[in-house]
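**Q** Once you've had a glance at the structure underneath, I'll fire off some questions.
The values are calculated or read from the model by the stated rules, or taken from the named source; none is laboratory data. What you see is a predicted model; the values in this text were computed from it and never measured. Note that each Cβ is placed from the backbone with ideal geometry, even for glycine, and that neighbours are counted across all protein chains shown. Ligands, DNA and RNA are excluded from the accessible area calculation, which covers all protein heavy atoms including side chains. Shrake-Rupley method; radii C 1.70, N 1.55, O 1.52, S 1.80 Å.
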Amino acid sequence: MNEDNHHLIKNSVSVLRRRWRKFRRLKRGWYSSLLLLGTYLVTFLLPILVNNRALLVKYQTNYYFPALGTFYQAQFFGQRAIGEAQYRKLQTEFEEASEGNWVLMPPYPYHPVESLLTDPKLPGSPPHAPSFSHWMGTDDRGRDVFARLVYGFRISITFGIAVVALSYLFGMLSGACLGFFGGRLDLYGQRLVEIWAGLPFLYTIMIISSIVRPTMWILISILALFSWIGISFYMRGEFYREKARDYTAAAISQGESNLSIMFRHILPNSLTPIISFAPFSLVATISALVALDFLGFGLPPPTPSWGELVNQGLNNIFKWHLVIFPLGAMFTTLLLVVFIGEAVREAFDPKVHSRLR
């Protein structure tokens, strides 16, 4: 082997690595992915960042950790109240008593479903305008808007990822089987898919919501059942094309099983269109959840929901913070996902020059 051939082999990289390098060169999509992923990971720390439960309470030489989920009655800490301890008020009482007891609260000491109607710092009726204590004000039920937005962000992204994952799994399997085996299976299978695609999505949601209370996982299942159809069309077409390639014929001649041919040979070469489509599918799923919550057929109250906040903004159109902040959060999140989708599509484009640069 001469030096030129050895140099070419040494510097050769896989297709996946070349696509990854191309994606990182598309700065708009790369930085959007870092920002979105970093923000989403931070939301898993919300119980210790945005919460009305104390992180640590020192009371009579003992230490307690309410943020870990332990329930403490108000009387346990000497409060004259019924139910769970009110830790913000307890913090003030301990500071005034100066007996060595203290309370460590989260950086933003409010919970998304906590009503602040009895808070003396918020005079008058809600919704209240933004202030130093409540960065984005309160909604029409006296709940902190910032807390509901950040918890709603985690719910929306988790919901979207779960729906996309389930719909892709079922859509890829069904499309792969139809495209690979063809014949009567494809003929009858396509008719069943077309019948299922004709079912009205919104009416189905309305009927189910009138029968059972829709939880997050029920909504995920319903949206996944309606979202896999387009993926199956893409995968079916890709399998029809790829099974006619020479490498498929070579695999068949070597006596490999159908499952091996489908998932070891054809599937890796059929992922480009659906991977490029995934971020835009995430945008559609988040938008669908917001629309359902807006119409009242989404997540049950008092779950933090962007759609419910948008509905409040419509009902309180002159309360600017209920209009700007929820719509701004939605716009920014969906814009970041679209930037990621454009970069992914461009990274999988075989053309050398990118349209985004």
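**Q** Roughly how many whole Å is it from the C-alpha centroid of region 158-192 to that of region 201-227?
**A** 20
**Q** While we're on this one: Which one is right for this structure if Kirkwood radius over Cα pairs in Å is calculated from it: (1) 20.5; (2) 24.3; (3) 21.2?
**A** (2)
**Q** While we're here: Give me the percent of accessible area attributable to carbon and sulfur for the chain, probe 1.4 angstrom.
**A** Summing carbon and sulfur atoms, their accessible area is 65 percent of the total for the chain.
**Q** Would you mind calculating the relative contact order of region 199-357 from Cα pairs under 8 angstrom and at least 6 residues apart, reporting the percent as a whole number?
**A** 23
**Q** Roughly what would the spin-label model give for residue 86 and residue 252, points 7 Å off Cα along C-beta, in nm?
**A** Label at residue 86, label at residue 252, 7.6 nm between them.
**Q** How much solvent-accessible surface does residue 103 expose, in Å² to the nearest 10, with a 1.4 Å probe and all protein chains in place?
**A** 10
**Q** Taking only protein heavy atoms into account and a 1.4 Å probe, give the accessible area per residue of region 243-320 in Å².
**A** 51
**Q** If you don't mind, there's one more thing I want to ask. Per residue, what accessible area does region 1-147 have, given a 1.4 Å probe and all protein chains present, in Å²?
**A** I get 64 Å² per residue for region 1-147.
**Q** What share of the DSSP beta bridges in the chain is antiparallel, in percent to the nearest 5?
**A** Antiparallel bridges: around 90 percent, rounded to the nearest 5.
**Q** Using 0.36 nm per residue, how much length does the chain from residue 31 to residue 121 gain when fully extended, once their Cα-Cα distance is taken away?
**A** Extending this stretch completely gives an extra 28.5 nm.
**Q** A further question follows. Relative contact order for region 40-134: what is it in percent, counting Cα pairs under 8 Å that are at least 6 residues apart?
**A** 30
**Q** Sticking with this one: Roughly how far apart, in whole Å, are the Cα centres of region 240-266 and region 281-296?
**A** Between the Cα centre of region 240-266 and that of region 281-296, the gap is 39 Å.
**Q** What do you get for Rg/Rh of region 279-330 when both radii come from the Cα atoms and Rh is the Kirkwood radius?
**A** 0.99
**Q** Let me ask something additional. What value, in deg cm²/dmol to 500, does the helix sum -39500 (n - 2.57) over DSSP H runs of n ≥ 4 give at 222 nm once divided by the residues of the chain?
**A** -19500 deg cm²/dmol
**Q** For region 131-181, what does the equivalent ellipsoid look like in terms of its semi-axes, each the square root of 5 times an eigenvalue of the Cα gyration tensor, given largest first in whole Å?
**A** The answer is 43, 8, 5 Å, longest axis first.
**Q** Restricting things to Cα coordinates, could you compute the convex hull volume per residue of region 16-138 in Å³?
**A** Each residue corresponds to 174 Å³ of Cα convex hull volume.
**Q** Then there's this: Counting only the heavy atoms of the protein chains, how much of residue 140 is accessible to a 1.4 Å probe, in Å² to the nearest 10?
**A** Here the accessible area works out near 50 Å².
**Q** Would you please name the trypsin sites (Lys or Arg not before Pro) within region 107-186 that are DSSP coil residues with at most 16 other C-beta atoms within 10 Å of their C-beta?
**A** 121, 141
**Q** Sticking with this one: Hey, what did the chain get for relative contact order, percent, Cα under 8 Å, at least 6 apart?
**A** Over the chain, the number comes to 20 percent.
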